[in-house]
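Asks: I am attaching a structure below and will ask some questions about it afterwards.
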C-alpha cells in the first residue's frame, strides 16, 4: 500500500466524484479508479458505495478515512521535520579534525565555547594526513580545520603565506610514555644508548607530530637513541602498541593522563622530553560565509 493511495482515497472522500478526484490527483480517471480498486483489495473490503450519486463511503470506508487522515498528517509532519533537520544540518559549519583531537578535545572544547550546535564534523577527515587538511580547506571539503601546530612542520610556510587565518584555541604537549616494569619504572626509558636503543612507536612522517618530536629533540640537544619500529597516523594506534609493550611513544597529554592515573602507562622520560604543541583552528582568509565569520568573531573575543 502506498501513501498516494491514501491521498487518492481522501480526495475521493472530499469530492464524492471519481473524475474530479482524479483531476485533483493529476492522473487519468482509469488510473485513479484502478488505484482505488487496489486499495480496496489491500484492505479486503469495499470502501466506496458506487450505487449512490454522489458517491458515499461504506461504514468501513468512513473508518478507513480516519486512518488515512491520521497517517497522511503524520507523514506530512514527519517530512516537514526531516526537511527542517536537513536544512539545519546543511547550515552547520564543516570541521575537519584529526582523530586524536576529535576523541580527546573537540567535543569538550566545542561545548565549552558554546558552538557545538553550529558545527558538524567531516568524517572524511579521519583519513587525512598532515598537509591534506590545508588542501581540504582550499578545495572546500571543510570550512574549518582543528589540528596540532608547531614550528617544525615542513609545510608551515603555507600557513604563513597569507592565505589562512588561525586561532590558538589551546595548548598541548606530547609526553613520552611506556609500560612499567615490575618496579614501576618505564620498561623503555629515555634516552637509551647505542648498544640498546629504545624501541619507538613513531608517528607517520607526513603527519603533524613526528616532525614536532624530532625538532624538539634537536633544538634541546636531547640525544635519544631510538629504534623506530613502525609509523602510525593516529595517536590511538600509538597508545595501543605502547600499552601492549612493543616500545615507548609520545602521546598527547590529554590522552596519556588517564592511563598514567591508573598505572597502565608511566613516563618514559622527565619533562625535558615533553614536546610543546598548539591546537589551532584554521580557516581560509577569504571565506565569505556569514555564519563562519560570525562564529570566528565569537571565538576571537
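The values are calculated or read from the model by the stated rules, or taken from the named source; none is laboratory data. Computed from a prediction, not measured in an experiment: that's the story for all the values here. Note that we place each Cβ from the backbone using ideal geometry, even for glycine, and neighbour counts take in every protein chain shown.
Asks: Please enumerate the residues belonging to the stretch 168-189 that are loosely packed, with under 14 Cβ neighbours inside 10 Å and outside any loop (DSSP other than H, G, I, E, B).
Replies: Here is the first cut: in the stretch 168-189, the residues loosely packed, with under 14 Cβ neighbours inside 10 Å are 168, 171, 181-185.
Within the stretch 168-189, 168, 171 meet the criteria.
Asks: If residue 239 satisfies every condition in (1) modelled with pLDDT under 95; (2) closer than 18 Å to residue 103 by Cβ; (3) surrounded by fewer than 20 Cβ atoms within 10 Å (Cβ to Cβ) but one, which is the exception?
Replies: Only one criterion in (1) modelled with pLDDT under 95; (2) closer than 18 Å to residue 103 by Cβ; (3) surrounded by fewer than 20 Cβ atoms within 10 Å (Cβ to Cβ) is unmet by residue 239, namely (3).
Asks: Taking the options 222, 217, name whichever one is more than 23 Å from residue 182 (Cβ to Cβ) and assigned to a loop (DSSP other than H, G, I, E, B).
Replies: 222
Asks: From the residues in the stretch 191-224 that are more than 18 Å from residue 153 (Cβ to Cβ) and in contact with a strand residue (DSSP E or B) (Cβ under 6 Å, 6 or more places away or on another chain), which one is surrounded by the fewest Cβ atoms within 10 Å (Cβ to Cβ)?
Replies: Filtering first and then ranking leaves 197.
Asks: If you take the residues in the stretch 1-26 that are within 44 Å of the chain's Cα centre (by Cα) and not in a helix (DSSP H, G or I), which one is farthest from residue 60 (Cα to Cα)?
Replies: 26
Asks: Go through 192, 207, 269 for me and flag whichever is under 30 Å from residue 119 (Cβ atoms), in the same structural domain as residue 130 (by TED's automatic domain parsing) and in a loop (DSSP other than H, G, I, E, B).
Replies: Of the residues listed, the single one that is under 30 Å from residue 119 (Cβ atoms), in the same structural domain as residue 130 (by TED's automatic domain parsing) and in a loop (DSSP other than H, G, I, E, B) is 207.
Asks: Here's something else I'd like to know. Just checking, which of 248, 255 is in contact (Cβ under 8 Å) with a residue 60 or more places away in the chain, surrounded by 14 or more Cβ atoms within 10 Å (Cβ to Cβ) and within 27 Å of residue 167 (Cα to Cα)?
Replies: Within the list 248, 255, the selection yields 255.
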